[in-house]
Amino acid sequence: MASVRSALLYSATSKYSMRLLGLISTMVLARLLTPSEIGTFAIASSIVMLLTEFRMLGAGVYLIREKVLNNDKIRSALGLTVLISWGLGMAIAGSSPWVSKFYQMPEITTLFIILSISFFLAPYISIPTSLLSRDLKYRQIMIIQMSAAIANFISSVLLVIMGYSFYSLAWGRSIASTVQLLAVLWYRPRNIPWRPSFRNMKSVAKVGIYSSTANILKKSQTTAPDLVIGKMGTTSQVGMFSRGMGFVDFLSQSIEMGISPVALPYLSSVRRQGGDVLMAYTKAALLIGSLTWPVLAVASLTSFPAIRLFFGDQWDAAAPIAAILAYWALFRSVHSLSPPLFLTTGKEAWLVAKEAITFIVFILGIILSYRYGLEAVAWSLVFSAIFNMVLTSWVLKYCIQLNIVPFIRAMLPNIVLTAICWAVTCIIDLFVNFDQSDPVFSIAIVALVLPPVWLLTVMVLNHDIYQEIKNLVLKKRRSIIY
């Protein structure tokens, strides 16, 4: 448990630091680039981002989950990753003229070629990183990821200032991948094999096909709107919707990304030791929900001052979109840790089927609602998230025997906590008027009032997160004393 807590600390530190740096980068770039420029890059990067989920074909999951690991298995995982990742890199570069023609945007050709560079570096980044993750060496992973994030930020901003427009964002990602490779070479595990093997890849691919497909389908829920709106509408609309989506995704992922990387190794460890995986999942969902749900509920009311403060008044139209999407992210987060649970228990096929059904509902909702405006599109996403929450609960009950009623009962403290934080924010809005007041003042008031309200509520509820906070404080006190 100590190693898991340490891994969680480093993982959270890494992800939160990267999120903070990403926020600073977004704030700067949002003032240097127009919504149309952001929209152009969003269309190209959305396609590439989906393929990024497939380039490892689950090799990382295989390396983490495999009970007995040797060099032959590592070389097979590397070989599969080389085949898939390099193949996708060539496909991206080769298909760029046709994609440009489909969207009637010649700029996509160059963007695709630049973004394809990372695919040729990925195998020798992802495999060592997965081995570090297997051993819960998240301090090294933190340094690797932070180095890449800093390189991305500096290079992107400098290139934009030099006049390279949205191409700067693509070059920033490629430069970041190069820096990440150099850092991996420094921190790589000892005696790791670098020569790929193209034998015995079936066992790796069996896990990878399911996990990668599920990841693509889930990731598409944040990228597909850009692709559909990009075809049916304008790049400015893509940029505006992408900004609203990005704001909400930043909030939810800022919390979940610090925990999610540890979820699969943790649940796998519980299962290997004969522990109760469902109990561990329920507690993890309760803890992460105690942070995610209130933040998103508050964000639904404060989206206007937040977006104006962080990105400038040229993005005001993204505020109502973000307010709606906050509810989408909230419902989506209820079972945000379910993919590691499916993978841990060997139910990958169920995970893919669930995500595929949700994706169909998701896409149909976007297409049918677009004619009514971007806010209607956002509401269609909320509906798809509710559908996904219900479907996931049913699938978990059917194939993993998760008891739904006890699970809902366990989440009641989060519901009460979220309702109180939302109500307090509504009261603040009555006195402050978020849409009319200075955004700095509005956000400052919320930032001052809500944390004490949250802490007092978890104390009164005797929430599990409060017990974790107490344990952390006691541990810090002991370390200071001794």
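The values are calculated or read from the model by the stated rules, or taken from the named source; none is laboratory data. What you are looking at is a predicted structure, and each value in this text was computed from that prediction instead of being measured. Because the Cβ atoms are built from the backbone with ideal geometry, glycine has one as well, and the counts that use them run over all protein chains shown.
Regarding residue 292, is this residue of a type outside the set (A, V, I, L, M) and over 20 Å from the mean Cα position of the chain (by Cα)?
Values: of a type outside the set (A, V, I, L, M): yes; over 20 Å from the mean Cα position of the chain (by Cα): no.
The answer is no for residue 292.
Within the range 318-362, the residues that satisfy the criterion of being hydroxyl-bearing (Ser, Thr, Tyr), outside any loop (DSSP other than H, G, I, E, B) and either under 21 Å from residue 248 (Cα atoms) or in the same structural domain as residue 217 (by TED's automatic domain parsing) (or both) are 327, 333, 338, 358. In this structure, residue 390 does not satisfy being in contact with a helix residue (DSSP H, G or I) (Cβ under 9 Å, 6 or more places away or on another chain) and part of a helix (DSSP H, G or I).
Just so you know, in the range 404-436 the residues that are outside any helix (DSSP H, G or I) and touching a residue at least 60 places away in the same chain (Cβ under 8 Å) include one that is nearest to residue 465 (Cα to Cα), and it is 434. Looking at the range 409-455 only, could you name the residues that are closer than 23 Å to residue 316 by Cβ and of a type in the set (Val, Ile, Thr)? Within the range 409-455, 425, 428, 432, 440, 443, 445, 446 meet the criteria. Just one residue in the set 303, 338 is touching a Gly at 6+ places or on another chain (Cβ under 9 Å) and of a type in the set (Ser, Thr, Tyr); that residue is 303.
Residue-wise test of (1) surrounded by fewer than 19 Cβ atoms within 10 Å (Cβ to Cβ); (2) out of contact with any helix residue (DSSP H, G or I) (no Cβ under 6 Å at 6 or more places or on another chain); (3) modelled with pLDDT of 85 or more; (4) charged (D, E, K, R).
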{"site": "258", "(1), (2), (3), (4)": "no, no, no, no"}
{"site": "262", "(1), (2), (3), (4)": "no, no, no, no"}
{"site": "274", "(1), (2), (3), (4)": "yes, yes, no, no"}
{"site": "290", "(1), (2), (3), (4)": "no, no, yes, no"}
{"site": "293", "(1), (2), (3), (4)": "no, no, yes, no"}
{"site": "298", "(1), (2), (3), (4)": "no, no, yes, no"}
{"site": "319", "(1), (2), (3), (4)": "no, no, yes, no"}
{"site": "326", "(1), (2), (3), (4)": "no, no, yes, no"}
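Limited to the range 155-172, what total is found for residues that are without any contact (Cβ under 8 Å) to a residue 24 or more places away in the chain and over 17 Å from residue 31 (Cβ atoms)?
We begin by selecting, within the range 155-172, every residue without any contact (Cβ under 8 Å) to a residue 24 or more places away in the chain; these are 155, 158-159, 162-164, 168, 172.
Those still in the list that are over 17 Å from residue 31 (Cβ atoms) too: 155.
Adding up the residues that qualify gives 1.
Out of all the residues in the range 416-430, is one or more hydroxyl-bearing (Ser, Thr, Tyr) and at pLDDT 95 or above? Within the range 416-430, one or more residues are hydroxyl-bearing (Ser, Thr, Tyr) and at pLDDT 95 or above.
Of the residues making up the range 208-238, those that are within 19 Å of residue 102 (Cβ to Cβ) and of a type in the set (A, V, I, L, M) number 6.
Considering only residues in the range 189-198 that are out of contact with any Gly (no Cβ under 7 Å at 6 or more places or on another chain) and surrounded by 10 or more Cβ atoms within 10 Å (Cβ to Cβ), the one that is nearest to residue 82 (Cα to Cα) turns out to be 194. For the range 437-478, the tally of residues that are touching a residue at least 24 places away in the same chain (Cβ under 8 Å) and assigned to a helix (DSSP H, G or I) stands at 15.
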